[in-house]
Amino acid sequence: MSAVSDRGAESSTPKIRLRGLRKAFGDKVVLDGVDLDVRAGHSMVILGGSGSGKSVTIKCILGLITPDSGLIEIDGRDVGKMSHREREAILDRTGMLFQNGALFDSLPVWENVCFKLLAQKRITRAQARDKAAEALAQVGLAASVGDLSPAELSGGMQKRVALARAVAAQPDIIFFDEPTTGLDPIMGAVIDGLIVDCVQRLGATAFSITHDMASARRIGDDAAMIHKGRIIWAGSAQTLGDTGNEMVDQFARGEREGPIQMELRK
Amino acid sequence: MTQTLNFVALLGRALISACSTLGNVALFALVGVSHLVRPPFQFRQFWRHFIEIAYFSLPVVALTALFTGMVLALQSFTGFSRFNAESAIASVVVLSVTRELGPVLAGLMVAGRIGAAVAAELGTMRVTDQIDALTTLSTDPMKYLVAPRLLAATLAMPLLVLVADILGVLGGYLIGTVKLGFVSETYLSNSWNVLQTMDVVSGLVKAAVFGFIIALMGAWCGYNSKGGAQGVGQATTRAVVASSILILALDYVITEAFFSR
């Protein structure tokens, strides 16, 4: 995604810095010392198979799961040492697009889109309708969609609404959890395009996880692959499939034979 | 010997698990209640749930109370007529309904209706990441989802029980006067003379406690549900069973507290 690669001020301090991040659920070690830097104003894509720890990494960064050990820094500040109020302040400038949209069934679309702004009393309910129409237009949806309930929307529309919700409060860090999963290739490309547009418009740092290679190349400046709870490769998203790392290349090309498969056979 | 040790170990594990669950529920309740006194307050959510519980549970509670009062009068007559004590029927109906049957039956009906709904809604929100989404949208799920439900159920249940009391007594009155041949004024004066403020108050206190328990168990089971549809189903069942048992157990405790001599 060259659109975002030349954007944003370069800074020596990574926007997000992970060091030695570990998390186990019972005997199952999901994260086994994740080290990763995400540059400010850039788009990082984490690749990995199912159960490799991608979603857990995001949830640890967002504070939805408490890691067993390790360091998480945002803008150079250790999240683990932050007060509750400081963590809330971090969440205030964060957006998240969940894999299945996670729209609130009990609220109409317009309230979903402006939920954060309403919760923080940054706008009135009357203003929220206009703001929602504006946000929906940015993801290619008509204002009339705002009056529907999430259950009345198709999968692609739900993803668009979820994207509108994630960016409505103009966050400076946006997380995308499998943004194209469950969508047809064309709708996947549309969503990727919208993600690129939104991130570019906001000048935000993007952190995505996916196993869709086409999507990774479209939305990512940088990429990293997580395998068995560890980052095994990090580099440019444009080199995916030709990284020189056998595991990454096998994963990127979707090949059956390779080191990952061999390990599974053990 | 080994079998005995295994049995003791099993008992120990069950006891530790029960204590752990009890502690977790207590902490959950404490956090939920603490959000009721800390701004921002979720008035919109509270009102939505209050209407859902108080207004939409009214038909089921009203019908239950009415028929219970009718059956109580009929059955009391069958028993009391053997001892020529028919005149006590009005007293028995009004005391049974206000002290016990009103709050307990309304509690059980609301547990089935609201407890299950709360557990299913929160369970679905949990397994579809909606609760995590709330957190990422700078909203504390306990404040937004749990606290308003706790308050709404605690305040709505006494209103429902008040209606149940009136309709339960009305049911007994209808059977007494229409079917059993009591004189209307006598039946009413018998009911009124035996009724004391504490009878009604104890029932309303029970109702408030039951309301809190129903919302708490529904919210706790739903909030902590795991897995997909099966997990939500299990959470719903657990919520109804747990709140029903707690209603019956706490009914005894509160009755002891009010009326033991």
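Here, each number is a calculation from the coordinates, and none is a lab measurement. A quick note: this is a predicted structure, and the numbers were derived from the prediction, not measured. Cβ atoms come from the backbone with ideal geometry, glycine included; neighbour counts cover every protein chain shown.
Entry note: segment B:85-230 has Rg to Rh equal to 1.19, where both radii use alpha-carbon atoms and Rh is the Kirkwood radius. Charge tally for B:Gln45 (other residues, Cβ to Cβ under 11 Å; Lys, Arg +1; Asp, Glu -1): +3.
The share of Cα pairs per 5 Å bin across segment A:42-175, counted from zero up to the longest distance, runs 2, 10, 18, 20, 17, 14, 11, 6, 2, 0 percent.
What net charge do the residues around A:Pro108 carry, taking every other residue with its C-beta under 13 Å from that of A:Pro108, with Lys and Arg at +1 and Asp and Glu at -1? Each step should come with its number before you reach the end.
Numbers: positive: A:Arg125, A:Arg129, A:Arg165; negative: A:Asp105, A:Glu111, A:Asp147, A:Glu152.
Counting the neighbours of A:Pro108, the net charge comes to -1.
Report the calculated FRET efficiency for A:Ala137 and A:His84 (r = Cβ-Cβ distance, R0 = 35 Å), to the nearest 0.05.
Numbers: r = 36 Å, r/R0 = 1.03.
Step by step, r from the Cβ atoms, then E = 0.45.
An ellipsoid equivalent to segment A:167-246, defined through the eigenvalues of its Cα gyration tensor, has semi-axes of 22, 15, 12 Å when rounded to whole angstrom and sorted largest first. Put simply, when B:143-151, B:184-192 are sorted by average Cβ atoms within 10 angstrom per residue, most first, you get B:143-151, B:184-192.
Our Cα-only numbers for the protein assembly as shown put the radius of gyration and Dmax at 29.3, 99 Å.
Indicate, rounded to the nearest 5 percent, the antiparallel portion of the DSSP beta bridges found entirely in the protein assembly as shown. For the protein assembly as shown, the DSSP antiparallel bridge percentage is about 55.
What percentage of all Cα-Cα pairs in segment B:37-109 are separated by more than 17 Å? Result for the distance tail: 57 percent. Note on segment B:1-66: Cα-only Rg and Dmax are 21.3, 61 Å.
Per residue of A:90-97, how many C-beta atoms from partner chains lie within 10 Å of its own C-beta, taken as a mean? Please list the in-between numbers first.
Working: counts 1, 5, 2, 1, 3, 2, 6, 2.
The per-residue average across the peptide is 3.
Scaling against 2.2 N^0.38 Å puts the C-alpha radius of gyration of chain B at 1.19. Using the Cβ-Cβ distance between B:Gln196 and B:Ser20 with R0 set to 30 Å, the FRET efficiency from 1/(1 + (r/R0)^6) comes to roughly 0.10.
Using only the Cα atoms of segment A:110-266, construct the convex hull and provide its projected area averaged over every direction, in square nanometres to one decimal. Walk me through the numbers before you get to the answer.
On the way: hull surface 43.1 nm².
For segment A:110-266, the mean projected area of the Cα convex hull comes to 10.8 nm².
Against the empirical 2.2 N^0.38 Å (N residues), chain A has a Cα radius of gyration ratio of 1.00.
In segment A:103-170, Rg over Rh equals 0.92, where Rg is the alpha-carbon radius of gyration and Rh the Kirkwood radius from pairwise Cα distances.
Let me check I've understood the local charge: for A:Gly51, count other residues with C-beta under 11 angstrom from its C-beta, Lys and Arg +1, Asp and Glu -1. What total comes out? Intermediate values should be presented prior to the final figure.
On the way: positive: A:Lys28, A:Lys54, A:Lys228; negative: none.
Once positives and negatives cancel, what remains is +3.
Each Cα pair under 8 Å and six or more residues apart adds its separation to the average, and for chain B the resulting relative contact order is 31 percent.
Under 8 Å for C-alpha pairs, at least 6 residues apart: give me the relative contact order for chain A, rounded to a whole percent.
Numbers: 510 pairs, mean separation 65.6, N = 266.
Taking the mean separation of contacting Cα pairs over the length of chain A, I get 25 percent.
Segment B:221-259 and segment A:70-119 have Cα centres separated by 32 Å.
Percent relative contact order of segment A:103-170, based on C-alpha pairs within less than 8 angstrom and at least six residues apart? All intermediate terms of the calculation are to be shown ahead of the outcome.
Working: 87 pairs, mean separation 30.1, N = 68.
Result for segment A:103-170 is 44 percent.
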